[in-house]
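Beneath this line is the structure, given in C-alpha cells, with notes to follow.
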Amino acid sequence: MTNEISEHITIKRSNLYHFEPSALGTGYVESLTSYLGRLANAHLVSIRRLGIKYLNLELKSCQCTLNGNRSITPDLVTRTETETMVSGLSRLTMLPMMHILAQQDLFKKIRVWCPLCYQEWANTKRPIYDPLLWSLNVVSHCPVHKQPLNYMCPNPDCHKQIRKYGLPGICPYCEQWLGVASSVYSNDINDNRNDEWVSWVNENCMGLLEGSSQIDKDWAFDNKLRVCLNDVLPDELEMFAFARKLGIHPTRMSQFCNGHDRPSLEILLKISFNLRISLEQMFLSKKKGDSNRRRRSGTAYGPVEIQQKLLDILKADKDIPSTIEQLAKRVGCARSTLRKYVPNANQLLDEARKKTDSEYLKKTANRPVNLSKSEIHKTLLLELESKEPKCLAEIARNLGRHPTTLKGHFPELCKQIVNRYREQHLEKKEQLIKGHPLEKHQSLQKKFGTASRKLKISKETMEYELLSTLKKPSPIPLEHIAQSLEISSNNLRNHFPDISKQIVTRYKTYIVQQRQLNLEKLRSQLEHHLESNEAPLPLEKIASIYNVNPRHYYKHFPEKAHRISHLYLEYRKESSSQDHLLLKTIKH
C-alpha cells in the first residue's frame, strides 16, 4: 500500500538553495542584493553568473535596479521565489511602496555598512547581511549604534568606495573583512546633523519596512496624502504656507494630494516630521472611514459642522467678515467647500452685515430692491436718452446689479450705452489735448491718470514739438523728442518724414562740427607745447592738464605726439648727463 502511494507522490525540489532571508518582517529586513550575494556565494558563482545560469536574467550589480521598483524587479523576485521556493521576497525590495514613493533619489549609488553590526553578528554567529534600510538615500546613521554608516574600505592599500554588490561583510576589491569591534572602532566623520531628524528618519523608515505587507494599496493610491493633510491643514492657504516652509512648490504639493504625482521618500519624511505624524499612521492599515486620524480642535470637517460654525459666526454682533473669502477662512475651509455645503452663504452674509454694519447700510440704502426686468429696461432707455451719458458700471451700481448681468439680459442696450459714453469721453480728451504743446499734454496726463496713456498723441502736438525743436539753437536728436512724447521715433518718421529728416541731418552736422572743433583744440594744445621754450613735459602730463585721454593724441596726431615724447626723452638724457658731470666735479 505504501509503495502504491509513494508512486503517486511527486516531491518538488528547488534549483537553488532554500534558505530564508534574514530579519524578514522587521525594520532591519535584508535587501534583495544582499540575499542574492549570499545565494551566489553559496553556489560559488557571481551575482551576474547566478542571474544568467539560473534566473535567465542579466543582472548588473546596481542597487537602484535590484532593490527598487523598476520594471526588472517584479520579474527578478518571481523567478528567485520559483528557483528557491521561498515566498515573500518582494518585501526585500521597495515593491510594496511602488504606489506611494517615487523612484528618483531613493537609493544610494554606493554601498554603505555599519562595521559594529557586522562584528556583532559575526561574534554571535548570525548571518552577515546588508539591511535594506542601509541602502536608502535618506538613512545616514545606524539606528542601533547611532554611528554614521561607512562607505570606504578600511584597508589603507584599497581605500575605495564599494560600488559592487557581492558577499556582505567582505570588500569585493581586496577581500578584507569590513567589521570592526566597538573597542577598536573610531569614527573620524564630523556629524553635524540634527539628532532628532536622524532618529525620526530611522524610526519611520524601519516602521515602513516592517509593515510593508500591511499597506492598503487601494487606499494609498486613491488618497495619497490628501486625507492626512486635509485633517491637519484643512485650509488651502495653510496648505500652501506649509508647502513653502518645506521648500516644495504648492502646485507640486497639490499634485501629491490628488494622486497625479508621487513624492520622494525625503519629502514624505519632511511632511511627517513637521506634522508629527509617522509614516505608519499615514499608510499602514488606514481606511477612509478611520476615526483615529489626528484632528485639530475647533476645525470644521463635515457639512453639519461647517453650517453650525457658519451660523455661530454670523450670529455674533461683532467682527462679522466683510467678504466670503474672510468668512471661509474664519470657518476653516476653502471658499469652494463653503459654497458646496452652504449654497446661500453670500445671502446669509449679506443679511448679517445689514443688521450690524452701518457703513454697509449707507452703501445699500439707495439701492433699488426687486426691480423687474421691464423696469430695468426702462431705466436703461432713459439713461441712453439722457444728456450726460454715464458709464455702465455706475448705472449697474445704481440698479443694484452687476454689469455682466445687464449685458446678459440687455446686450444691445448695454453696447449702445458703452459706445456713447466712450465716444463722448474721448472727444473731451481730444479737445483738451489737441494743439497743445508737450507741457500741457503732460499736465493733462497727470490729471486724467492712466486713462490718457491709452489715447494717442495728436499729430498737431507732434508737429508742434518737431518745429519748436528746429527753431532751438542747439540741435536735439530725434530719439530724445520721441522719448519726451512717450512714443517711438518711427511714429515721428512715418507721420512727418521731411521734418524728421531735417532734425536728423541737423543733429549729424552738429556732431561733425563738434568733432572738428575738438580736434582743432587738440592740435593747438600739442603745437603750443612744441613751440614753447620751457622744459618739455611728458605727453601724459599734458593730457592730464587738459583732461584728455593720451590715446586721443596718438590716434589723431601721431607725429606730433611722438615728437613730444622724443623731446622729453632727450631732455631727460641731457639732464641726467649734466647731473653726472656735476657729481664728478664735486668729488674732485
Phi-based couplings in Hz for the stretch 244-251 (Karplus 6.51, -1.76, 1.60; Gly and Pro marked x): 5, 4, 7, x, 10, 5, x, 5
For 546-557, 512-523, ranked highest to lowest by mean beta-carbon neighbours within 10 Å, the order is 546-557, 512-523
Measure off 7 Å from each Cα along the Cα-to-Cβ vector at Arg420 and Glu175, then give the distance between these two points in nanometres to one decimal. 10.3 nm
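Starting from the Cα-Cα distance between Ser71 and Lys472, subtract it from 0.36 nm times their residue separation and give me the gain in nm to one decimal.
On the way: separation 401, 0.36 × 401 = 144.36 nm, distance 8.09 nm.
Result: 136.3 nm gained on full extension.
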How much length would be gained if the chain were fully extended between Gln516 and His480, taking 0.36 nm per residue of separation minus their Cα-Cα distance, in nm to one decimal? 10.6 nm
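Expected output is a single nm value to one decimal: the length gained when fully extending between Ser213 and Asn123, i.e. 0.36 nm times separation in residues minus the C-alpha distance. What is it?
Details: separation 90, 0.36 × 90 = 32.40 nm, distance 3.15 nm.
Using 0.36 nm per residue and subtracting the Cα-Cα distance, I get 29.2 nm.
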What is the local net charge at Tyr54, summed over the other residues whose Cβ is closer than 12 Å to its Cβ (Lys, Arg +1; Asp, Glu -1)? +3
Using packing as a proxy for protection, rank 147-157, 333-343 so that the peptide with the highest average count of other Cβ atoms within 10 Å comes first. 333-343, 147-157
12 Å cut-off, amide nitrogen to a point 7 angstrom out along Gln161 Cα→Cβ, residues in the stretch 116-151: 151
Just need the relative contact order of the stretch 43-130 here, percent rounded to a whole number, with Cα pairs under 8 Å and 6+ apart. 23 percent
So what are the ³J(HN,Hα) numbers for the stretch 473-479, from phi and the Karplus equation (6.51, -1.76, 1.60; θ = phi - 60°), rounded to whole Hz, Gly and Pro as x? x, 9, x, 10, x, 5, 5
Quick check on my link table: of Lys521/Lys555; Lys521/Lys560; Lys472/Lys521; Lys378/Lys415; Lys373/Lys407, which ones sit more than 18 Å apart, alpha carbon to alpha carbon? Lys472/Lys521
Over the stretch 89-137, what is the mean sequence separation of C-alpha contacts under 8 Å (at least six apart), divided by residue count, expressed as relative contact order in percent? 47 percent
Inter-site label distance for Glu203 and Ser14 at 7 Å from Cα along Cβ, in nm: 3.6 nm
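Values quoted throughout were computed directly from the atomic coordinates according to the rules given, and no laboratory measurement underlies them. From a predicted model like this one, the values you see are computed outputs, not experimental measurements. Reconstructed Cβ throughout: ideal geometry from the backbone, glycine too, with neighbour counts over all protein chains shown.
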